[in-house]
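Right, one structure below, let's go through it.
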Amino acid sequence: READVNSAMISYYFGGKTGLLREIFTSFSDRMVSVIKKSMSEARNHGELVELNVAAFLDDARNNRDVYLVGLRELNHDSEELQDLRVALYNTGWENFTQFLAKTGAKTDHREEVKDICFTAVLGTVFSDYLLGGGHYIDDDQKVDEYRKTVTLLLKAGSPALWE
């Protein structure tokens, strides 16, 4: 109603609300993978990767806040209708990360539970305030810069032991 759009158009173009949600999540996944690939192609080591990823994710979230708010919320839900997309994003992320580890000479053999913890911890750390705050401070350059520095420091300090 607020968008002044005929709700029948959702069914026509997307096959219903689930189809629309899948489209939004696919857009979110594509954005995430794009950021990951770019950061991993430019980074020479773990520290650079953390700096590039955190900055790029926050910048992309600022420019595409609605896609990120929906995507991040759905990433942590267990809804069946998006399970295949969540698994694909997870697998693509780890495939790219494994290539990065091989490129930098770090160990690439990880147990599944370590992968799950890393994936959840990194995304949770980068976006926890964004999700909890609903993006209220995402337009404040100073707060975002302070947040970026804090998250980068946490990830640089806490994650290297898992793959070095």
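The values are calculated or read from the model by the stated rules, or taken from the named source; none is laboratory data. Given the structure is predicted, the values throughout are model-derived calculations rather than measurements. Note that each Cβ is placed from the backbone with ideal geometry, even for glycine, and that neighbours are counted across all protein chains shown. Keep in mind that these areas ignore ligands, DNA and RNA; they rest on the heavy atoms of the full protein, side chains included. Shrake-Rupley method; radii C 1.70, N 1.55, O 1.52, S 1.80 Å.
A Förster radius of 35 Å, combined with the Cβ-Cβ distance separating K38 from E81, puts the computed FRET efficiency at roughly 0.75. Here the label points at K17 and N45, each 7 Å from Cα along the C-beta direction, are separated by 5.0 nm in the simple model.
Please report the carbon-and-sulfur percent of the accessible area for segment 1-86; probe 1.4 Å, protein heavy atoms only, DNA, RNA and ligands left out.
On the way: 2510 of 5250 Å².
Carbon and sulfur: 48 percent of the exposed surface of segment 1-86.
Over segment 12-82, what portion of Cα pair distances is larger than 21 Å, expressed as a whole percent? Tail fraction, whole percent: 35.
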